[in-house]
Amino acid sequence: MPGSTFGELFRVTNFGESHGPAIGCVIDGCPPGLALAEADIQFELDRRRPGTSRHVTQRNEADAVEILSGVFEGLTTGTPICLLIRNTDQRSKDYGNLLDTFRPGHADYTYWRKYGHRDPRGGGRSSARLTAPMVAAGAVARKWLLEHRGTRFIGWMSAVGEIEIPFVDEAEIPNNPFFAPNAAILERLEAHMDALRKDGDSCGARITVQARGMPIGLGEPLFDKLDADIAHAMMGINAVKGVEIGSGFGVVAQRGSVHGDELTPQGFASNHAGGVLGGISSGQDLVVSIAIKPTSSIRTPKASIDRAGTPTVVQTFGRHDPCVGLRATPIAEAMLALVVMDHALRQRAQCGDVVVGQPPIAAQRPDTPAP
C-alpha cells in the first residue's frame, strides 16, 4: 500500500489494521550501537494507549510491544528493527452495520471508492490505532536524539472544544488524562467530556508540541524544508486538519517589525518563526501546534447512503473517544521526533564535517513555552 512508509534515512513502514491480529512497524536506518529494550518503547506506548481514563475509548489494549529484529545483546545492529503490537480486545461486531454504509466524516466512503473493497472493523487501515506503531518508532528516535543531540520533546493540550487551556505548569502535564499544563482547569474539562459522552457527541482539540535542545542546520532548501516535513508528518496523524509552526496563522495580523526574530549576542529575542528559518533549524525550540477535528464515530444519528446510493441513517456503537485529541499528545511528539531524527541523520551524512567560521550565537531557551 503506497503511503505506508515515512522518512528518508530513518524510514518507518507501518503495517496492520485496527481489528487484525497485530499492528506494527519496521524501522530501517537506525544507527547501530543504541542501547534499546522493549521498556524504552513501552513507556511511550503506555502514554497513548486506550482505556487509561473514563474519558477515552474503553478498548482494553495493553499495547505490549515486541522487538522481533534489529537488536542483539541489547544494542541496535543497524539492520531493520521490527516492532510488533498484538491486538487483543477487538469487538468487530460493533461495526457490523457499517459494511454497506458510510460514517459521515470518516474515511469509509473514500476507501471504498479508491480500493473497491474495505475493512469496516474499527476503520481498518484508517483507524487511529495505527498511530501506536509510530509512537513506538518515535520512542527509538527520541532515545537516539537525547543521547546524541541532547534533544527533548514535550507536548500538551492547549485547547479542547471551545475551552482554551492556559499554560501554567509543565509539571502538571503527566498528572492528568488531558495532558493539560493547568490543574485548575481539570474540573471544567472533565465536565465537558462527560456532557459530550452523555449527548453521544464529540469535539476537537489543539495540541502544542516542542522540540527543545535542537541542533542548528537541520532541513534542506525548497521542498525538503524542515517545517515542510513537519507539516507533512503532522497531517499524517489521523483527524489532524491544520498545522501551525511558530506564530502560525497569527502572522497574518503581525507586522514585520514584530514578526522578525531579532538576533543578539545572547541569542534570539523571540521565536515567532518556531525554530525554523528558510526551512532550516535555527537552534531555537521547534514550536508546532495541530488542530484535531471532532471524532467522526459518534452515537448521534447522521444521514448517509449505502453502497447502492440509497439514503440511510448511521449510528456508531463502538468504543470511541469523545475527543480524539485526548490521546494525541504522545503521537504528535513522536511524529516530531521522527522528522528531527531523519533530518539529523541527513545533516550528518551531508554536512557532518562543516565548520562554521565563527561561533554561532546561543539559541534562545525561554523559561516558558511559546504560545
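The values are calculated or read from the model by the stated rules, or taken from the named source; none is laboratory data. Source: prediction; values computed, not measured. Don't worry about glycine lacking a Cβ; one is built from the backbone with ideal geometry, like all the others, and counts go over all protein chains shown.
In the stretch 295-314, how many are touching a helix residue (DSSP H, G or I) at 6+ places or on another chain (Cβ under 8 Å), more than 17 Å from ARG129 (Cβ to Cβ), part of a loop (DSSP other than H, G, I, E, B) and not basic (Lys, Arg)?
Residues of the stretch 295-314 touching a helix residue (DSSP H, G or I) at 6+ places or on another chain (Cβ under 8 Å): 295, 297, 300, 307, 314.
Within this subset, residues satisfying the condition of being more than 17 Å from ARG129 (Cβ to Cβ) are 300, 307, 314.
Narrowing further to those that are part of a loop (DSSP other than H, G, I, E, B): 300, 307.
Cutting the leftovers down to not basic (Lys, Arg) gives us 300.
So the answer is 1.
Residue-wise test of (1) surrounded by 24 or more Cβ atoms within 10 Å (Cβ to Cβ); (2) free of Cβ contacts under 8 Å to residues at least 12 places away in the same chain; (3) not in a helix (DSSP H, G or I).
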site	(1), (2), (3)
THR110	no, yes, no
ARG113	no, yes, no
ARG118	no, yes, yes
GLY124	no, no, no
ARG129	yes, no, no
VAL135	yes, no, no
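Return yes or no: is PRO104 in a loop (DSSP other than H, G, I, E, B) and touching a residue at least 40 places away in the same chain (Cβ under 8 Å)? Yes: the conditions hold for PRO104. Within the stretch 329-353, the only residue that satisfies the criterion of being closer than 30 Å to ARG206 by Cα and polar (S, T, N, Q) is THR329. Among the conditions (1) over 20 Å from the mean Cα position of the chain (by Cα); (2) within 17 Å of SER158 (Cβ to Cβ), the only one that VAL288 does not satisfy is (1). Take ASP229 and decide whether it is at pLDDT 95 or above, within 20 Å of ARG212 (Cβ to Cβ), surrounded by 13 or more Cβ atoms within 10 Å (Cβ to Cβ) and more than 26 Å from the chain's Cα centre (by Cα). No: the conditions fail for ASP229. Residues that are hydrophobic (A, V, I, L, M, F, W, C), in contact (Cβ under 8 Å) with a residue 24 or more places away in the chain and on the phi > 0 side of the Ramachandran plot do not occur anywhere in the stretch 193-216.
Please find, within the stretch 137-185, the residue that is surrounded by the most Cβ atoms within 10 Å (Cβ to Cβ) out of those that are basic (Lys, Arg) and either under 17 Å from the mean Cα position of the chain (by Cα) or not in a helix (DSSP H, G or I) (or both). Out of the qualifying residues, it is ARG142. Taking the criterion of being part of a loop (DSSP other than H, G, I, E, B), among the small types (Gly, Ala, Ser) and surrounded by fewer than 18 Cβ atoms within 10 Å (Cβ to Cβ), would at least one residue in the stretch 186-203 satisfy it? Yes; the residues of the stretch 186-203 include at least one that is part of a loop (DSSP other than H, G, I, E, B), among the small types (Gly, Ala, Ser) and surrounded by fewer than 18 Cβ atoms within 10 Å (Cβ to Cβ). Under the condition of being surrounded by fewer than 19 Cβ atoms within 10 Å (Cβ to Cβ), over 13 Å from the mean Cα position of the chain (by Cα) and on the phi < 0 side of the Ramachandran plot, the residues counted in the stretch 232-250 number 2.
A quick yes/no check of all residues on (1) surrounded by fewer than 20 Cβ atoms within 10 Å (Cβ to Cβ); (2) touching a residue at least 24 places away in the same chain (Cβ under 8 Å); (3) closer than 20 Å to GLU244 by Cα:
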| site | (1), (2), (3) |
| --- | --- |
| SER257 | yes, no, no |
| LEU263 | yes, yes, no |
| ALA269 | yes, yes, no |
| GLY274 | no, yes, yes |
| GLY278 | yes, yes, yes |
| GLN284 | no, yes, yes |
| LYS293 | yes, yes, yes |
| ILE298 | no, yes, no |
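The set of residues in the stretch 204-226 that are at pLDDT below 95 and either crowded, with 22+ Cβ neighbours inside 10 Å or out of contact with any helix residue (DSSP H, G or I) (no Cβ under 9 Å at 6 or more places or on another chain) (or both) comprises PRO221, PHE223.
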